[in-house]
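Let me begin by presenting the structure, written as C-alpha cells, before commenting on it.
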Ligand SMILES: *Cc1c(COP(=O)(O)O)cnc(C)c1O
C-alpha cells in the first residue's frame, strides 16, 4: 500500500488479503458452488471462527447478507409488524429510519450528538427498537449500559443495533440486543460487498411468527438456508473466505479492543496539543473509539498536506463535510501507519 489510508469505510483492508485472495484462487474457492458440501463446510467453519473470536453467544444465529443497508430493509420488512422506533443522532441512523419509513410506520427520535441515548423516550407501541451503536458520520457511540437499560424496559420487544463501524473492533454485549449487523469493509478490514447479521433466539422466533416470505431476502428464507449452512442467493464466497482467514488469525476481540483503545488514547493526547484541531464531539463519554471526527480550520488544505505525506484522511460526512475530517481507528491499520499520522500532526505543532 503506497498510502496510509484512514478513511472510515471502505477502509484499509488487512495486509494479508492479497495472499488470501491468491490462495482462494489457487484452491478454486472463488468458483465453488454455494450448494456444495465444500461451501457448507466453509460457511460452518467461518461462523464458528467469527463467533469464537468476537465472543458471540452460541445461541445467536448468523446470516450473511450483502450489506448493512440490506439489513436495514430486512428488519423493516421481516421483523416489524406495525412500527419501528429509531434513535439516531447522525446520517446513518437517519438513513435507516428513512428506508424503514418506506416499508413501515416509524417513530423517529433524533437526539443531540453530545448527549447520551435518551432511553426514557422509549415508546410502548413500536415492535422493533432501532439503535445505531457507532454513528460513523459524527463519531459517536452508544454506551452498552444504556442498551441494557433499553433492554430492561422494552418488555420483550426486538432491539436491533447497527454496529457496522464497531463490530470486530470493540467488545459488544450481544445479549443486550436481538439483532446486530454490519458490513465487512469497516472494522473487519475486508473488501466491501458483504454484510453479517446476528439474531437472538427471540429475534428468530419473531421472524418465524411474523412469517413474512414475499421477498428474495425475507428473513425466514435467510434463516432456513442458514440452518443448512447455505444462503438464499449466491453469496460473496470470496469475502466469506477472507473473513474466515483473517478472523482465524485474530487474537480475539479483547486483544483487538485493547490495541484500539491504546491508539485512541494516544490520538486524544495528540489532538489536545494540535493547533486549530479539536474533537467535533465535546462530550468525551459519547465519543466513538473506532472513528474520530475532528474539526479543523482549513480542512481542504489539511487533506492536501496529508496527501503529500502519503496519508489519506477521511472526509467529514454530510453536514460536517467541510468543517471536519475523520480518522478510522480500525484493526487492519498498521502501527507504522499510525506513527506516520502522529508524525504528520506533531510536525505541525
Ligand atoms: C457504512 C455504514 C453503513 C452502510 O454500509 P453498507 O455496506 O454501505 O450498506 C450503515 N451503517 C453504518 C453505521 C455505517 O457506518
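The values are calculated or read from the model by the stated rules, or taken from the named source; none is laboratory data. Because the structure is predicted, anything quoted here is derived from the model rather than measured. Cβ coordinates were reconstructed from backbone atoms using ideal geometry, including for glycine residues, and neighbour counts include every protein chain displayed.
Can you name every residue in segment 269-311 that is surrounded by fewer than 13 Cβ atoms within 10 Å (Cβ to Cβ) and farther than 19 Å from residue 5 by Cα?
269, 272, 273, 275, 276, 282, 284, 285, 297, 298
Six or more apart or on different chains, Cβ atoms under 6 Å: show the pairs whose first residue is in segment 65-91 and under 24 Å from residue 143 (Cβ atoms) and whose second is in a helix (DSSP H, G or I) and near the ligand (Cβ under 9 Å from one of its atoms).
Close Cβ pairs satisfying both conditions: 72/96.
Just give me the residues in segment 175-206 being crowded, with 24+ Cβ neighbours inside 10 Å and part of a helix (DSSP H, G or I), in sequence order.
Of everything in segment 175-206, just one residue is crowded, with 24+ Cβ neighbours inside 10 Å and part of a helix (DSSP H, G or I), namely 203.
Restrict the check to segment 180-198 and report whether at least one residue is over 16 Å from the mean Cα position of the chain (by Cα) and touching a residue at least 12 places away in the same chain (Cβ under 8 Å).
No, because not a single residue in segment 180-198 is over 16 Å from the mean Cα position of the chain (by Cα) and touching a residue at least 12 places away in the same chain (Cβ under 8 Å).
Taking residue 56, is it touching a residue at least 40 places away in the same chain (Cβ under 8 Å), within 25 Å of the chain's Cα centre (by Cα), more than 16 Å from the ligand (Cβ to nearest atom) and buried (at least 17 other Cβ atoms within 10 Å of the Cβ)?
Criteria met by residue 56.
Can you find a residue in segment 245-256 that is farther than 23 Å from residue 15 by Cα and either in contact (Cβ under 8 Å) with a residue 40 or more places away in the chain or touching a helix residue (DSSP H, G or I) at 6+ places or on another chain (Cβ under 7 Å) (or both)?
Within segment 245-256, none of the residues are farther than 23 Å from residue 15 by Cα and either in contact (Cβ under 8 Å) with a residue 40 or more places away in the chain or touching a helix residue (DSSP H, G or I) at 6+ places or on another chain (Cβ under 7 Å) (or both).
Quick check on residue 125: is it within 16 Å of the ligand (Cβ to nearest atom), touching a strand residue (DSSP E or B) at 6+ places or on another chain (Cβ under 8 Å) and in a loop (DSSP other than H, G, I, E, B)?
Here the answer is no, as residue 125 does not meet what is asked.
Within segment 155-187, can you find the residues that are more than 16 Å from the ligand (Cβ to nearest atom) and farther than 21 Å from residue 223 by Cβ?
155, 171, 173, 176 - these are the residues of segment 155-187 that are more than 16 Å from the ligand (Cβ to nearest atom) and farther than 21 Å from residue 223 by Cβ.
Pull up segment 132-144, narrow it to residues that are surrounded by 24 or more Cβ atoms within 10 Å (Cβ to Cβ) and part of a strand (DSSP E or B), then point me to the one that is farthest from the ligand (Cβ to nearest atom).
So, considering only residues that are surrounded by 24 or more Cβ atoms within 10 Å (Cβ to Cβ) and part of a strand (DSSP E or B), the one farthest from the ligand (Cβ to nearest atom) is 140.
Pick out, from segment 1-113, the strands (runs of 3 or more DSSP E) lying fully within it that include 2 or more residues that are modelled with pLDDT of 95 or more and under 30 Å from residue 228 (Cβ atoms).
Because the criterion is at least 2 residues that are modelled with pLDDT of 95 or more and under 30 Å from residue 228 (Cβ atoms), the strands (runs of 3 or more DSSP E) in segment 1-113 that meet it are 61-65.
Could you please let me know if residue 152 is more than 16 Å from the ligand (Cβ to nearest atom), at pLDDT 95 or above and not in a loop (DSSP other than H, G, I, E, B)?
So residue 152 passes the test.
Name the residues in segment 117-131 that are farther than 16 Å from residue 155 by Cα and either buried (at least 16 other Cβ atoms within 10 Å of the Cβ) or at pLDDT below 95 (or both), would you?
117, 131 - these are the residues of segment 117-131 that are farther than 16 Å from residue 155 by Cα and either buried (at least 16 other Cβ atoms within 10 Å of the Cβ) or at pLDDT below 95 (or both).
So residue 67 passes all but one of these: (1) surrounded by fewer than 22 Cβ atoms within 10 Å (Cβ to Cβ); (2) within 23 Å of residue 145 (Cα to Cα); (3) within 13 Å of the ligand (Cβ to nearest atom). Which condition number does it fail?
In the conditions (1) surrounded by fewer than 22 Cβ atoms within 10 Å (Cβ to Cβ); (2) within 23 Å of residue 145 (Cα to Cα); (3) within 13 Å of the ligand (Cβ to nearest atom), residue 67 misses (2) alone.
Among the numbered criteria (1) within 16 Å of the ligand (Cβ to nearest atom); (2) touching a residue at least 40 places away in the same chain (Cβ under 8 Å), which single criterion is violated by residue 147?
The failed condition is (2).
Could you tell me whether any residue of segment 240-261 is assigned to a loop (DSSP other than H, G, I, E, B) and within 16 Å of the ligand (Cβ to nearest atom)?
The answer is no; no qualifying residue exists.
Checking residue 114 against (1) over 21 Å from residue 282 (Cβ atoms); (2) surrounded by fewer than 22 Cβ atoms within 10 Å (Cβ to Cβ), only one condition comes out false. Which one?
(1)
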